[in-house]
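Taken together, the values in this text are just the output of simple stated rules run on the coordinates, not laboratory data. The model shown is predicted, which means the values in this text are computed figures rather than measured ones. Glycine also receives a Cβ, built like all others from the backbone with ideal geometry; neighbour counts cover every protein chain displayed.
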Amino acid sequence: MRTLPNVPRRDEFDAVVVRTDHSDAESWQAVAAALMEPWGDEQYEPHVHVIDDPAWAEVSVDELRRALAVDEDLCVVFLADQVTMRSEHHPLLAVTLLTREECVDDEDYERLTEFGTEFRTVPAGVHGIHANLSIGNLGFEEFAAWAHDEPEGTFRDC
């Protein structure tokens, strides 16, 4: 098991995006630019904490969960992985940091992860997902269900 660097302190309102694929600088620039676009009906300012360190290259979801578990305020993280870089719409992988131990029982965990513990989202969806999860307005399972219902399995936007 490799040791990942500590995540620099982030503002609690920042969505966390981890770049795990460093093979295409042009695609990454497109993803980063899309993440910085104003979002929502009110055109809110984006708040993103990007981890763009080659030490995180090809990190697995399990490694990511272990490394970020120390941030108790973080409930979701977004990966810019190989699929992100190679796909036209640059869908990031949204990963819940929810663990079985945080749930009341197995039934509760199964309900909250009915559609999985990860799904794809276009960059424009990152902000709404993070904001809604942060304030408890919606749950990860709701976004995962919406992504599941899409033909490409990708959440499009709030």
What whole number of Å gives the distance from the Cα centroid of region 1-64 to the Cα centroid of region 98-158? 18
Quick query: amide H of PHE155 versus all other amide H atoms, modeled in the peptide plane; which residues come in under 5 Å with a sequence gap of 5 or more or a different chain? ARG120, THR121, VAL122
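Determine the relative contact order of the chain: mean sequence separation of Cα pairs under 8 Å and six or more apart, normalised by residue count, in whole percent. Show your work: numbers first, answer last.
Details: 242 pairs, mean separation 36.7, N = 158.
Contact order relative to length: 23 percent.
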Cα pair count fraction exceeding 20 Å, expressed as % - region 1-94: 36
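Take peptides 76-86, 12-22 and line them up by average Cβ neighbours within 10 Å, highest first, as a rough protection proxy.
On the way: 76-86: 21.1, 12-22: 18.9.
Put in order of decreasing packing, that is 76-86, 12-22.
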Out of all DSSP beta bridges in region 16-108, what portion is antiparallel? Express it as a percent rounded to 5. 45
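Between MET36 and ALA57, what is 0.36 nm times their sequence separation minus the Cα-Cα distance? Round to one decimal in nm. It would help to have the intermediate numbers written out before the result.
Numbers: separation 21, 0.36 × 21 = 7.56 nm, distance 2.21 nm.
Gain on stretching MET36 to ALA57: 5.4 nm.
So what is the calculated 222 nm ellipticity per residue for the chain, using -39500 (n - 2.57) for each DSSP H run with n of 4 or more, over all residues, to the nearest 500 deg cm²/dmol?
Values: 6 runs with 54 residues, N = 158.
After summing the helix terms and dividing by residue count, I get -9500 deg cm²/dmol.
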What value in Å³ per residue do you get for the convex hull of the alpha-carbon atoms in the chain? 114
Net charge of Cβ neighbours under 15 Å - reference GLY40; Lys, Arg +1; Asp, Glu -1: -4
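Given 0.36 nm per residue, what is the gain on full extension from ASP157 to GLU110 after removing their alpha carbon distance, in nm?
That pair, ASP157 and GLU110, stretches by 14.4 nm at full extension.
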